[in-house]
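Colleague: Sharing a structure below in structure tokens format, with a few things to ask.
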Amino acid sequence: MDVIECLEQTAPRFHGSDENPRNWRLGAFGVNWMKSNLKADWHCLETGAGYTTCVMAQYCKSVITISPLDKEHMRIKSWLVENGFSHENIKFIHDLPQKYLPFLKNIHVDLLLIDGGHAFPYPIIDWYYGSMFLKKDGYLLVDNIEINSVRILYDFLLTESDVWALQDRDEEFSVFQKKKDFSYERVKWIDQVFNK
Ligand SMILES: C[S@@+](CC[C@H](N)C(=O)[O-])C[C@H]1O[C@@H](n2cnc3c(N)ncnc32)[C@H](O)[C@@H]1O
């Protein structure tokens, strides 16, 4: 059975630290985008873990997933094993992405999913450090753009259309393609369309 079908049928609760796990999965629009677009030779990086970890691991070459709750990682591994899926190509990082990403080095990814902590400024930090590893033509997925602290990032990216081309979206989920290699390390505020 396909991993997405299996997730839909079994509806695992991966999230939260306590004995009452929750399901904070990516919505159907995002999962369908993944089903139609993920490629077998892609390397992926995500903040947050869950359904998306399972899907990317089965559809792509590798996944690095960063989230602070080890228990979520254990539940994801158990679900994969119980349902006959491999987790050999998943690197589980048990840390806050905001703390871990600045020290990550020497990786290049085809896809970056921002779906970790949603409080301001975590999505911005995750994007700033994570997108340095995203290859030209790679995809940036930003979930929960309906939340103001994520919406700021979405609105900013829209104004950076020479770097980030909006490919798809619904009310919660958005996909941008990185059109060129670009570093935000030394930009001037006055040059940004966002500040005009
Ligand atoms: C919305 S869920 C991720 C959903 C996942 N993409 C899926 O499809 O199931 C949010 C994730 O962010 C993690 N998280 C919670 N607080 C965080 C924080 N302050 N910084 C980073 N990640 C956090 C949670 O542990 C959880 O794995």
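Colleague: Within the range 58-71, take every residue that is buried (at least 24 other Cβ atoms within 10 Å of the Cβ) and under 19 Å from residue 7 (Cβ atoms) and give me the one that is farthest from the ligand (Cβ to nearest atom).
Modeller: Ranking the candidates gives 63 first.
Colleague: Let me ask something else. So in the range 148-183, with the set limited to residues that are of a type in the set (Ser, Thr, Tyr) and loosely packed, with under 13 Cβ neighbours inside 10 Å, which one is modelled with the highest pLDDT?
Modeller: Among those residues, the one meeting the criterion is 161.
Colleague: Considering each residue of the range 91-121, count those that are more than 23 Å from residue 173 (Cα to Cα) and among the aliphatic types (A, V, I, L, M), and give that number.
Modeller: Residues in the range 91-121 being more than 23 Å from residue 173 (Cα to Cα) and among the aliphatic types (A, V, I, L, M): 3 in total.
Colleague: Additional query: Is there a residue in the range 28-41 that is within 29 Å of residue 132 (Cβ to Cβ), near the ligand (Cβ under 9 Å from one of its atoms), touching a residue at least 24 places away in the same chain (Cβ under 8 Å) and touching a Gly at 6+ places or on another chain (Cβ under 8 Å)?
Modeller: Checked the range 28-41: no residue is within 29 Å of residue 132 (Cβ to Cβ), near the ligand (Cβ under 9 Å from one of its atoms), touching a residue at least 24 places away in the same chain (Cβ under 8 Å) and touching a Gly at 6+ places or on another chain (Cβ under 8 Å).
Colleague: Then there's this: As an exercise: evaluate residue 87 against (1) part of a helix (DSSP H, G or I); (2) farther than 18 Å from residue 117 by Cβ and give the number of the one condition it does not meet.
Modeller: Among (1) part of a helix (DSSP H, G or I); (2) farther than 18 Å from residue 117 by Cβ, residue 87 violates only (1).
Colleague: Taking residue 136 and the conditions (1) free of Cβ contacts under 8 Å to residues at least 40 places away in the same chain; (2) of a type in the set (Lys, Arg); (3) not in a helix (DSSP H, G or I), which numbered condition does it fall short on, given that it satisfies the others?
Modeller: (1)
Colleague: Which one of these is in contact with an Asp or Glu (Cβ under 9 Å, 6 or more places away or on another chain) and among the hydrophobic types (A, V, I, L, M, F, W, C): 173, 156, 120? Show your work before the answer.
Modeller: Working: 156 fails: in contact with an Asp or Glu (Cβ under 9 Å, 6 or more places away or on another chain); 120 fails: in contact with an Asp or Glu (Cβ under 9 Å, 6 or more places away or on another chain).
Within the list 173, 156, 120, the selection yields 173.
Colleague: Identify, please: which residue in the range 5-25 is outside any helix (DSSP H, G or I) and among the polar types (S, T, N, Q) and is, among those, farthest from residue 119 (Cα to Cα)?
Modeller: 20
Colleague: Select from the range 26-57 the residues that are farther than 22 Å from residue 119 by Cα and buried (at least 20 other Cβ atoms within 10 Å of the Cβ) and list them in ascending order.
Modeller: Hits for the range 26-57 are 33, 34, 44, 54, 55, 56, 57.
Here's the yes/no breakdown for (1) part of a strand (DSSP E or B); (2) without any contact (Cβ under 8 Å) to a residue 40 or more places away in the chain:
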site: 52; (1), (2): no, no
site: 77; (1), (2): no, yes
site: 81; (1), (2): no, yes
site: 92; (1), (2): yes, no
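Colleague: For the range 88-110, indicate whether the set of residues that are more than 22 Å from residue 129 (Cα to Cα), surrounded by 19 or more Cβ atoms within 10 Å (Cβ to Cβ) and in contact with a helix residue (DSSP H, G or I) (Cβ under 7 Å, 6 or more places away or on another chain) is non-empty.
Modeller: No, the range 88-110 contains no residue that is more than 22 Å from residue 129 (Cα to Cα), surrounded by 19 or more Cβ atoms within 10 Å (Cβ to Cβ) and in contact with a helix residue (DSSP H, G or I) (Cβ under 7 Å, 6 or more places away or on another chain).
The values are calculated or read from the model by the stated rules, or taken from the named source; none is laboratory data. Since this is a predicted model, take the numbers as computed values, not measurements. Glycine also receives a Cβ, built like all others from the backbone with ideal geometry; neighbour counts cover every protein chain displayed.
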